[in-house]
Amino acid sequence: MLLYNSDKYCRKIASINHGKNAKYFIETLGCQMNEADSEQLAGMLTDMGYSETENISSADIIVINTCCVRENAEFKLYGHIGELKALKQRNGDLLIVLCGCMMQQSHVVDKIKKSYKQIDIVFGTHNRQEFPKLLFDRINKGKKVYDIWEESIGIAENVPVKRKSAVTAYVPVTYGCDNFCSYCIVPYVRGREHSRHPESIKNDIVKLAAEGIKEITLLGQNVNSYNSGMDFPDLLYYISDIRGIERIRFMTSHPKDLSDNLIKAMAEIPEICSHIHLPLQSGSSRVLQQMNRKYTKEQYLMLIDKIRASVKDIAISTDIIVGFPGETETDFNETLEVYEKAGFDFAFTFIYSKRTGTPAAKRPDQIPDELKNQRFARLVALVNDMTSASNIRDENKVLQVLAEGKSRTDRTVMTGRTSSNKIVNFKCDNDFTGHLINVKIKKGHTWYLEGEKI
């Protein structure tokens, strides 16, 4: 464990910014872990005397927290930072920072050094807590800063955080990944898995409860492999008694590590939401083996049956990849069949994307884009049909919804989520943000439920 020790740099920069009304803008690309990382970046920037702006043109410092899970993310980033050149030309004092997963890839950093002179600071995933020092060096010395650590030296605790929501919060419990799925870049850019101490996790949650947070989501690339003096089910029991926390979620769960004890904890702990996200990736056991997922389709379906038998009204979502190298029509049809058998409530679907440095990217049997797109369209049609059917089944039910805020488009409508992680838009006269509200579902749409407070 590392203790955050950049306070002195925060104070120095805050002194420089005093009276300047300095603004920051953060753009977050990628997953919930990146969102949690950006909340730490925002916390550090706040301590350095910056306030947030939603207008990128008025920012004094722009931070882009990058993702590299998809191949097109690189092209989008290059296009985006190219557009920032005009802002830099209009404001010579503007600082532009690139950080996150993509910066752990040497070919990306080399290209930025060579082609994008407007970038001031670059750092990766392992030294985020060093941001104030890097920024002070850039301001003080006037030279560009590139600081990429090849590996983590521990998890930094006590890093300041500025949260996006006053109702829900992310709480990372693990960083990194040891699974090395053959298509995935995450272990190479996030590093090997590290678990936070349970006391640190609980202390964070106690503070969140004191701030009025009602729902927490425990985060990790694979929360099921948490191991720091206790396993993940024990961690859930350990944090479940914190007064004020009414809901507990967690993601992501790897099927190979989902134990009977975890299912037992989900059934016994009232605060745990009736939803689990359990990535399938493919319904073909042959493809799963080549993905290095370490389970078969039969084992996955047995796990689904076990969860449904133990946890009442559980909603299950998943991830599916279409077009993995060597995927045959038979393999793809098996994915469709397993999707129907599992009865998923919703899914996140992806077209396979080559990631340099992964075993799957080197395979000669890549699937043509046209065929991947055709299969993807068929999968999406099935997902939409089954998601819509799941939501229609909720019509006329009274569901408990945690109100997260008012709709941006209609101030008479509030939005929130059910325990099953479905979005609900409901009409009500008052602002019930942060409260659990009983809502009668009037209509199930494909991607959300519509209801009225009762």
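Just a few scattered comments:
- Taken together, the criteria place residue 389 among residues that are of a type outside the set (Phe, Trp, Tyr) and under 22 Å from residue 300 (Cβ atoms).
- Scanning the range 37-59 for residues that are hydrophobic (A, V, I, L, M, F, W, C) and crowded, with 19+ Cβ neighbours inside 10 Å, we see that the one that is farthest from residue 80 (Cα to Cα) is 48.
- Annotation: of all residues in the range 357-392 being touching a residue at least 40 places away in the same chain (Cβ under 8 Å) and among the basic types (Lys, Arg), the one that is nearest to residue 191 (Cα to Cα) is 372.
- Scanning the range 430-448 for residues that are in contact with a strand residue (DSSP E or B) (Cβ under 6 Å, 6 or more places away or on another chain) and either modelled with pLDDT under 95 or of a type outside the set (A, V, I, L, M) (or both) gives 432, 433, 435, 438, 440, 442, 443, 448.
- Residue check, residue 286 within 22 Å of residue 178 (Cα to Cα) and either of a type outside the set (Val, Ile, Thr) or free of Cβ contacts under 8 Å to residues at least 60 places away in the same chain (or both): yes
- Of the residues making up the range 45-59, those that are closer than 19 Å to residue 7 by Cα and in contact with a Phe, Trp or Tyr (Cβ under 6 Å, 6 or more places away or on another chain) number 2.
- Number of positions in the range 59-78 that are basic (Lys, Arg) and not in a loop (DSSP other than H, G, I, E, B): 1
- Comparison of 33, 44 shows that the only residue that is modelled with pLDDT under 95, over 20 Å from residue 91 (Cβ atoms) and part of a helix (DSSP H, G or I) is 33.
- The condition of being in contact with a strand residue (DSSP E or B) (Cβ under 8 Å, 6 or more places away or on another chain) and farther than 24 Å from residue 252 by Cα does not hold for residue 13.
- Residue 340 without any contact (Cβ under 8 Å) to a residue 60 or more places away in the chain and outside any loop (DSSP other than H, G, I, E, B): yes
- Filtered by the rule that a residue be in a strand (DSSP E or B) and β-branched (Val, Ile, Thr), the range 79-106 gives 96, 97.
- Given (1) within 26 Å of residue 115 (Cα to Cα); (2) touching a Phe, Trp or Tyr at 6+ places or on another chain (Cβ under 9 Å); (3) of a type in the set (Phe, Trp, Tyr), number of the condition residue 25 does not satisfy: (2)
- Considering the range 92-111, and only residues there that are surrounded by 13 or more Cβ atoms within 10 Å (Cβ to Cβ) and more than 24 Å from residue 36 (Cβ to Cβ), the residue that is modelled with the lowest pLDDT turns out to be 111.
- Members of the range 190-227 that are within 24 Å of residue 149 (Cα to Cα) and touching a Lys or Arg at 6+ places or on another chain (Cβ under 7 Å): 221
- Note on the range 128-153: residues that are at pLDDT 95 or above and closer than 25 Å to residue 33 by Cβ total 13.
- Scanning the range 389-420 for residues that are hydroxyl-bearing (Ser, Thr, Tyr) and within 14 Å of residue 275 (Cα to Cα) turns up 390, 418, 419, 420.
- From the list 372, 422, the one residue that fits, being in the same structural domain as residue 313 (by TED's automatic domain parsing), closer than 30 Å to residue 352 by Cα and among the basic types (Lys, Arg), is 372.
- Counting only residues that are out of contact with any helix residue (DSSP H, G or I) (no Cβ under 6 Å at 6 or more places or on another chain) and in a helix (DSSP H, G or I), the range 136-155 holds 5 of them.
The values are calculated or read from the model by the stated rules, or taken from the named source; none is laboratory data. Quantities reported herein were computed from a predicted structural model and do not represent experimental measurements. Backbone-built Cβ (ideal geometry, glycine too); neighbour counts: all protein chains shown.
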